[in-house]
Each structure stands twice: as C-alpha cells, then as structure tokens.
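Student: Take this structure, written in structure tokens, and hold onto it; I'll ask about it next.
The values are calculated or read from the model by the stated rules, or taken from the named source; none is laboratory data. Treat the numbers as computed from the prediction; the structure is a model and nothing was measured. Note: ideal-geometry Cβ built from the backbone for every residue, glycine included; neighbour counts use all protein chains shown. Quick note on the areas: whole protein, heavy atoms, side chains included, nothing else; ligands and nucleic acids left out. Shrake-Rupley method; radii C 1.70, N 1.55, O 1.52, S 1.80 Å.
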Amino acid sequence: MARILSIQSHVVSGYVGNRAATFPLQLLGHEVDVINTVQFSNHTGYNAVRGDRFSASHVLDLFDGLQTNGLDAYTHLLTGYMGNSDNVRAVECIAQKLKHKFPQLTFVVDPVLGDDGALYVPRELIALYRDVLCPLATLVTPNQFEA
C-alpha cells in the first residue's frame, strides 16, 4: 500500500484535483492525505469561479504540522493545480524534504497550466514548472496543450 500526499486543488462542484484523485486512489487501497492549494466553487474553465487561493505559507504550515507529528512518511507525492508561483515554490520545498527523508519517493507532477489553447494560470508558472518541479519529478503528466 502506498502512502500518498496529494497537493492540488479542491472544487465544490465537479471532479478535478484532489476531488478527482482521492477516492480512486483510496479504492485501490492507498492511504491518501490531501493539502488543498485552492477551494473553488468549480474549476477555472468556467466563466465565473468563487473561492479562495491558499497561500504558500498555508500549504507549508499544514505540511509542518504533518512533520511535527511524524505523519510525513510518504511513498508518493502527487501535485496538480498550484494557482500561483509561491505554491510551486512551497511544493519544491516539500518535495525536497520528502526526498531527503525517503529517497525512493515517487513524485508525480501534473502541470495543470491550461487546456484547449488557453492558460488557467499566470504565464510565469510555465518556467517554474519546467525549471523547478519537473527536474524533481519521477513522472510528469501534461495534457496535450501543456506538453
């Protein structure tokens, strides 16, 4: 059984991000802990989106709580929608800490940047994913637009 930390979006309506990843992984027998980078009404492909983007300090504080309590023994790290550059840097920090603790960590990066010819995120995230997260990753899973 894998122990997975999934850091990505959460939506109230629809199935993307942690909302889409958690149940299937649990159904396969894996233990999944989640840190949400955003809580939105729906995914950003809609005309209107309500909700909050969480700060990198929020993401890092949640991870620090896991570390402090010895709950950070993960075999896998899964990341998706970050929403801003600071969260990409927070995930870089978390990935480095987990790889130091567990060198065989499988790190899966889904660079949720856009689809159908349009970006969902600020353009600056393209270089951050390419230069920061992808080199740390075991597997990168872009869609056709992101590739």
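Student: Mind grabbing the accessible area of Leu28 for me, 1.4 Å probe, Å², rounded to tens?
Tutor: Counting only protein heavy atoms, Leu28 exposes about 130 Å² to solvent.
Student: Continuing with the same structure: Going from most exposed to least, what order do Ser13, Ser85 have by accessible area with a 1.4 Å probe?
Tutor: Ser13, Ser85
Student: Would you mind checking the tilt of helix 85-101 against the longest principal axis of the Cα atoms of the chain, expressed as 0 to 90 degrees and rounded to 10?
Tutor: Roughly 20 degrees between the two axes.
Student: Leaving out ligands, DNA and RNA, and with a 1.4 Å probe, what % of the accessible surface on the chain is carbon or sulfur?
Tutor: 53
Student: Turning to a different aspect of this structure: Find out how many positive minus negative residues lie around Glu146, taking Lys and Arg as positive, Asp and Glu as negative, among other residues whose Cβ is under 10 Å from that of Glu146.
Tutor: Details: positive: none; negative: Asp110, Asp115.
With Lys, Arg at +1 and Asp, Glu at -1, the net is -2.
Student: What length, rounded to one decimal in nm, is gained on full extension from Asn69 through to Leu119, with 0.36 nm per residue of separation minus their alpha-carbon distance?
Tutor: Residue separation times 0.36 nm, minus the Cα-Cα distance, leaves 14.2 nm.
Student: Right, another one. Which FRET efficiency value, to the nearest 0.05, is calculated for Asp52 and Arg130 with the Förster distance at 30 angstrom and r the Cβ-Cβ distance?
Tutor: Efficiency at R0 = 30 Å is approximately 0.65.
Student: Rounded to the nearest 10 Å², what accessible area does Glu31 have for a 1.4 Å probe in the complete protein model?
Tutor: Taking all protein chains as shown, Glu31 has close to 80 Å².
Student: Would you kindly find the accessible area of His58, with a 1.4 Å probe and non-protein molecules such as ligands, DNA and RNA excluded, rounding to the nearest 10 Å²?
Tutor: 70
Student: In whole percent, what relative contact order does the chain give with Cα contacts below 8 Å and a gap of six or more residues?
Tutor: On the way: 267 pairs, mean separation 31.7, N = 147.
Taking the mean separation of contacting Cα pairs over the length of the chain, I get 22 percent.
Student: Take the alpha carbon atoms of the range 1-74, find their center, do the same for the range 102-147, and report the distance between the two centers in whole angstrom.
Tutor: So the separation of the two Cα centres works out to 16 Å.
Student: Tell me which of Val140, Leu27, Pro122 sits at the most positive position along the dipole axis of the chain, charges placed on C-beta atoms (Lys, Arg +1; Asp, Glu -1).
Tutor: Leu27
Student: Still on this model: Given the options Ala118, Ala90, Ala137, which has the most mean-square fluctuation in a GNM of the chain, springs set between C-alpha atoms less than 10 angstrom apart?
Tutor: Looking only at Ala118, Ala90, Ala137, the largest GNM fluctuation is found for Ala118.
Student: Here is a further query. Which value, in debye to the nearest 20, describes the size of the charge dipole of the chain about its Cα centre when Lys and Arg Cβ atoms bear +1, Asp and Glu Cβ atoms bear -1, and nothing else is charged?
Tutor: Using only the charged Cβ atoms, the result is roughly 120 debye.
Student: If Ile7, Ile126 are ordered by their accessible area, calculated over protein heavy atoms with a 1.4 Å probe, which sequence runs from highest to lowest?
Tutor: Working: Ile7 0, Ile126 55 Å².
If we order Ile7, Ile126 from most to least accessible, we get Ile126, Ile7.
Student: Count neighbours as other Cβ atoms within 10 Å of each site's Cβ, and list the trypsin sites (Lys or Arg not before Pro) in the range 1-64 that are DSSP loop with at most 13 such neighbours.
Tutor: Here the trypsin sites (Lys or Arg not before Pro) that fit, given the DSSP loop and packing criteria, are Arg50.
Student: When averaged across all projection directions, what area in nm² does the alpha-carbon convex hull of the chain cover?
Tutor: Mean projected area of the Cα convex hull: 8.5 nm².
Student: Do the sum for the chain: with -39,500 (n - 2.57) for every DSSP H run of n ≥ 4, divided by all residues, what is the mean residue ellipticity at 222 nm, to the nearest 500 deg cm²/dmol? Don't skip to the end; give the middle numbers.
Tutor: On the way: 4 runs with 46 residues, N = 147.
That calculation yields -9500 deg cm²/dmol at 222 nm.
Student: Just to be sure I understand the model, the point goes 7 Å from the Cα along the line to the Cβ. What's the resulting Leu139 to Val12 distance in nm?
Tutor: 3.3
Student: Expressed as an acute angle from 0 to 90° and rounded to the nearest 10, what is the orientation of the C-alpha long axis of helix 56-68 relative to the principal long axis of the chain?
Tutor: Value to nearest ten degrees: 20.
Student: Compute the helix-to-body angle for 17-27: its Cα long axis versus the longest principal axis of the chain, expressed 0 to 90° and rounded to tens.
Tutor: 40
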